[in-house]
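The values are calculated or read from the model by the stated rules, or taken from the named source; none is laboratory data. Computed from a predicted structure; not experimentally measured. Note: ideal-geometry Cβ built from the backbone for every residue, glycine included; neighbour counts use all protein chains shown. Please note that ligands, DNA and RNA were not included when accessible areas were found on the heavy atoms of the full protein model with its side chains. Shrake-Rupley method; radii C 1.70, N 1.55, O 1.52, S 1.80 Å.
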Amino acid sequence: SLGTPLHIGNATKTLTANNGIAIPATDGTEADPLLHNAVTALQTAKSRGHSTYQYYSGSMNVSIAARVTLEQDLRAALTANQFVLYYQPQVDILSETVIGVEALIRWLHPTRGVVSPAEFIPVAEEEGLIVQLSEWVIKDASQQQKAWRNSGLPPFPISINLSGLHFRQRNLVHQISSIVHENGGDPRYLELELTEGVLMTDASTTVATLKQLKESGFRLAIDDFGTGYSSLAYLQRFPIDTLKIDRAFVKDIKLGKIDSPITRAIIGMGRALKLHVVAEGVETRDQLAFLRMQGCASYQGFLFSKPVPPNQLLPLLRNHLPQSTPKSA
Ligand code: C2E
Ligand code: MG
Ligand code: MG
């Protein structure tokens with residue numbers, strides 16, 4: 001019933017709903033624990049995507065306990081400043097020079113060691129901590145940019161991943177711009193990465209925000225391209241600079257064995273739309289050779305370097321930065 005489109009004025013809206021289901025007697029006899037278990041099931045349902053349902057099961061509470069610890073630790077980590085940014089170079093495919101770097105957050109957990117963003121970013125999003133975390137990332141990257149500039153390196157773009165929740169904040173453009181300027185950053189050399197899914201949700205509002213970000217000087221990229229559902233009509237309207245081909249497609253390339261028609265198509269489309277194309281997750285020489293053959297402009301991946309802390313990146317930058325970067329604004 002909820003899926004039936006609603007006509008409001010000239011617009012058509014569709015509602016979605018997730019359901020968490022707890023069964024009386026099996027999952028609790030009192031209202032409170034029943035409701036609690038239904039909410040637990042709902043959280044699992046939500047993590048699976050839109051319009052789905054999930055029955056409660058006892059095993060969920062185990063992961064919920066771990067989850068509660070993670071939440072508490074995450075809040076403490078923000079106060080104790082346990083985060084660092086690692087950087088992974090983006091490389092020009094023909095000249096093998098570094099044309100930019102992507103900032104990737106790491107959590108230096110006091111007992112668990114380095115925790116991956118794949119684990120804690122979703123929790124930060126659900127717990128309403130993502131904006132605070134994201135602001136820290138922008139601040140730290142801006143300060144790093146200033147430090148590199150002061151050490152005599154030529155300017156090069158730093159890519160920053162922006163969560164959808166942050167992107168939808170009302171005063172996003174003003175807020176980000178202030179942080180960058182206060183911390184000595186230069187928006188012309190900061191590229192904001194947004195995933196396809198984020199951009200395509202409410203695409204008309206997205207166009208307006210992207211335009212404002214462009215007017216403030218930022219570069220813009222579509223991350224993990226090919227995994228979502230892009231409206232090609234909108235793709236053309238977004239003031240985007242860069243298209244990042246998701247690792248899933250690059251992974252399939254083994255020269256002489258499997259072709260990757262989708263990778264080829266994305267490279268072709270990116271070029272036709274005059275976008276800078278970056279292939280993500282390049283691990284082998286064969287993948288690189290294929291991408292080069294198809295005219296892909298640049299790549300990022302373990303083959304050249306894993307994401308590394310700034311002190312390990314510096315020698316790479318000194319050896320592989322061109323005098324003036326071709327990707328500059
Ligand atoms: P992403 O933005 O698509 O970043 C690329 C991910 O691929 C990184 O994982 C990187 O370490 C990994 N990678 C790069 N090259 C290779 C390769 O050759 N092989 C393989 N197997 N992996 C490769 P990481 O750092 O764990 O980040 C995962 C995701 O977490 C990122 O995906 C991004 O969506 C998110 N993320 C990271 N840092 C931030 C942040 O500061 N803010 C937000 N909102 N999200 C972040
Ligand atoms: Mg990214
Ligand atoms: Mg990506």
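Where both residues lie in the chain, what percent of DSSP beta bridges are antiparallel, nearest 5?
45 percent
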Computed [θ] at 222 nm, deg cm²/dmol, the chain (DSSP H ≥ 4; -39,500 (n - 2.57); rounded to nearest 500)
-13500 deg cm²/dmol
Report the per residue volume, in Å³, of the convex hull enclosing the C-alpha atoms of the range 11-65.
90 Å³
Between ASP202 and SER95, with labels modelled 7 Å along Cα→Cβ, what's the label distance in nm to one decimal, could you check?
4.1 nm
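For the chain, what's the relative contact order in percent, using C-alpha pairs closer than 8 Å and at least 6 residues apart?
Over the chain, the number comes to 16 percent.
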Measure off, as a whole percent, the carbon and sulfur share of the 1.4 Å-probe accessible area of the chain, all protein chains present.
53 percent
Gain upon complete extension [ALA265, GLN212; 0.36 nm per residue less C-alpha separation]
16.1 nm
Using alpha-carbon pairs under 8 Å, 6+ residues apart, how would you state the relative contact order of the range 208-277 in percent?
30 percent
For a quick check, take a GNM of the chain with Cα springs below 10 Å and name the residue from VAL68, VAL98, VAL180 with the largest mean-square fluctuation.
VAL68
Using only the Cα atoms of the range 43-195, what do you get for the radius of gyration and for Dmax, in Å?
17.9, 59
With every protein chain left in place, what is the accessible area per residue of the range 115-238 in square angstrom, probe 1.4 Å?
43 Å²
With a Cα-only, solvent-free Debye model of the chain, what are the log10 I(q)/I(0) values at q = 0.13, 0.14 Å⁻¹?
-1.09, -1.22
For the range 1-101, what is the accessible area per residue in Å² when the probe is 1.4 Å?
60 Å²
Computed label-point distance, nm, for sites ALA66 and THR14 using a 7 Å Cα→Cβ extension:
3.4 nm
